[in-house]
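Data first, discussion second: the structure below is written as structure tokens.
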Amino acid sequence: DTITLPRSPLEVQQIRTATATFTMSCLARRVMSARPAASAGAARRYLSSAAAATAPELEPVTVTKEGGVATLVLNNSYNVANVFTMETIDMFRSKWAEAEADPEVTAMVITAEKTGIFSGGLDLKEFHQPDVERLKRYWGGVQGLMTDVFESPLYTV
């Protein structure tokens with residue numbers, strides 16, 4: 001068999017997109033067939049607000065590394081829909097940059113601690129009666145996060 005290497009950046013991007021789509025569909029089937037596991041995040045969701053206030057705070061984004069693969073985990077245990085808050089966006093971008101700067105890391109897996117939902121998306125509270133300067137910073141962070149992932153040399157799943 002002969003392997004043909006991509007000849008242009010467009011072909012490389014098409015291959016990355018096809019690979020990511022296939023991988024995500026495989027992961028989705030795996031997640032949907034798995035039994036929900038209890039996690040620290042799931043346990044915190046059901047605490048009263050007084051108990052949640054005294055519970056240890058988890059970082060909204062963590063990264064682990066095994067070989068050349070880093071795994072970035074969204075872990076907004078205090079947020080039922082795992083939405084991208086300002087803090088989450090800032091930490092995601094910071095952790096992403098650290099992984100990109102590590103010469104041993106060649107791939108990044110993005111996942112969530114919670115089962116059943118990856119993320120509900122943007123934090124809609126940021127758009128309700130917003131402070132204009134904060135909203136600009138928030139929206140700039142959203143765009144920056146998407147650009148960081150899209151332009152990254154890391155293989156991303």
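Laboratory data are not the source of any read-out in this text; all were calculated from the coordinates shown. The structure presented is a predicted model; accordingly, all values stated were derived computationally and were not measured. So basically every Cβ, Gly included, is an ideal-geometry build from the backbone, and we count neighbours across all protein chains shown.
Just to confirm a number: summing +1 for Lys and Arg and -1 for Asp and Glu over residues other than Glu126 whose beta-carbon lies under 10 angstrom from that of Glu126, what do you get?
On the way: positive: Lys125, Arg134, Arg137; negative: Asp123, Asp131.
It works out to a net charge of +1.
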Applying a 10 Å radius around every beta-carbon, put 86-93, 130-137 in order of their mean neighbour count, most first.
86-93, 130-137
Charge tally for neighbours of Val109 with beta carbon under 12 Å away, counting Lys, Arg as +1 and Asp, Glu as -1, is 0
Which one of Val80, Met146, Ile110 is farthest out on the positive end of the charge dipole of the stretch 65-157, using unit charges on Cβ (Lys, Arg +1; Asp, Glu -1) and the Cα centre as origin?
Val80
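What number in nm² do you get for the stretch 109-157 if you take the convex hull of its Cα atoms and divide its surface by four? Don't skip to the answer; put the middle values down first.
Values: hull surface 17.5 nm².
That works out to 4.4 nm², a quarter of the Cα hull's surface.
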